[in-house]
Amino acid sequence: MQQNSESFSIKQWSLDDRPREKLLQKGKDALSDAELVAILIGSGSRNESAVALSKRILASVDHNLNALGKLSVSQLMKFKGIGEAKAVSIAAATELGRRRQTDKAEEPTKITGSHAVFRLLQPILGELPHEEFWILYLNNSNKVLHKHQLSKGGMTGTLVDVRLVLKLALERGAVSLILAHNHPSGGLRPSEADKAITSKLKTAAASLDIKVLDHLIITENSYFSFADEGLL
C-alpha cells in the first residue's frame, strides 16, 4: 500500500524540503512557520511528518504565533505526536521570542506621550494571563529612570502598595510617575478600583511634590490613557 507523502519522515523528503538542511542552505528567513516548528519538535509520529504535525498545530491557532505562544505545555500535549519534551521545546521557543520583543523595546530616552509608554510596556504586559501593576519613574526631563513591577495578581485584580511606590520614587530621585497595569480580559474601560488607586497615588505623591503624569491600561493591541481621556 502506497504511503501518503505527508507521512514520510523528514529524512525521506527531498533535500530542498528538509527544514534543517533548508535553513543551512537558504537561511532561516526561507522557512515557513511550520518548518521552524518542525525543527523544534524534531520528528512527527508514525503516520505524520514533523512538518505536517506542525501545520496542524498552527492551524489550530489560525496560524497566529502570538496565540501559539499562549498555549500551555498541557494544551500542546493534547496534539497526537506531541509529548512533554516536544511541548516544552515549543513553549521555550515561544517564550524566547516574547523576551526578545521585550528586550527590543528599549526604554525611550524621553516619554513624549501615552503611545511611548505603550511601546515600552506592551511587550511586558500585553499578553499576560494575569494582572500586573507597573510604575515608571521619570526625572524632570521625562526620561525613564527606572521601571518597576509593583505587584502581580490574579485575573481579578492586583494589590498596590502606595508607600512602596513613593519610597522607590525618593530612592531613584524621580519627580514624576506613570502608572500602568494590564487587563487580561482585553477590556479597556477603567474600573472604579482603577480610578480609586489613581486618585490615591496622585494625592499621596503630591504631598512629596511628585506628579502622577498618567495611568495606562494595557491590552495586547491597545491601551487606555487616563491623561488622554482627562481623568487625571
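Residues Ser222, Ser49 in ascending order of nearby Cβ atoms (within 10 Å, fewest first): Ser222, Ser49.
When each of the peptides 168-178, 66-76, 117-127, 139-149 is scored by how many other beta carbons lie within 10 Å of its residues on average, the order from highest to lowest is 117-127, 168-178, 66-76, 139-149. Taking 0.36 nm per residue of separation and subtracting the Cα-Cα distance, full extension of the segment from Asn221 to Ser72 would add 51.5 nm. For the chain, DSSP calls about 70 percent of its internal beta bridges antiparallel. Which one, (i) 142; (ii) 118; (iii) 126, gives volume of the Cα convex hull per residue in Å³ as derived from the coordinates shown? Answer label, from the structure shown: (i). Computed 3J(HN,Hα) for region 178-183, one whole-Hz value per residue from the Karplus formula 6.51 cos²θ - 1.76 cosθ + 1.60 where θ = phi - 60°, is 10, 9, 7, 8, 9, 10, glycine and proline marked x.
To the nearest ten degrees, helix 162-172 and the longest principal axis of the Cα atoms of the chain are 90 degrees apart.
Bear in mind these aren't lab numbers, they're just calculated from the coordinates by the rules spelled out. Bear in mind the structure is a predicted one, so any value in this text is a computation, not a measurement. FYI the Cβ positions are ideal-geometry reconstructions off the backbone, even for glycines, and counts take in every protein chain you see.
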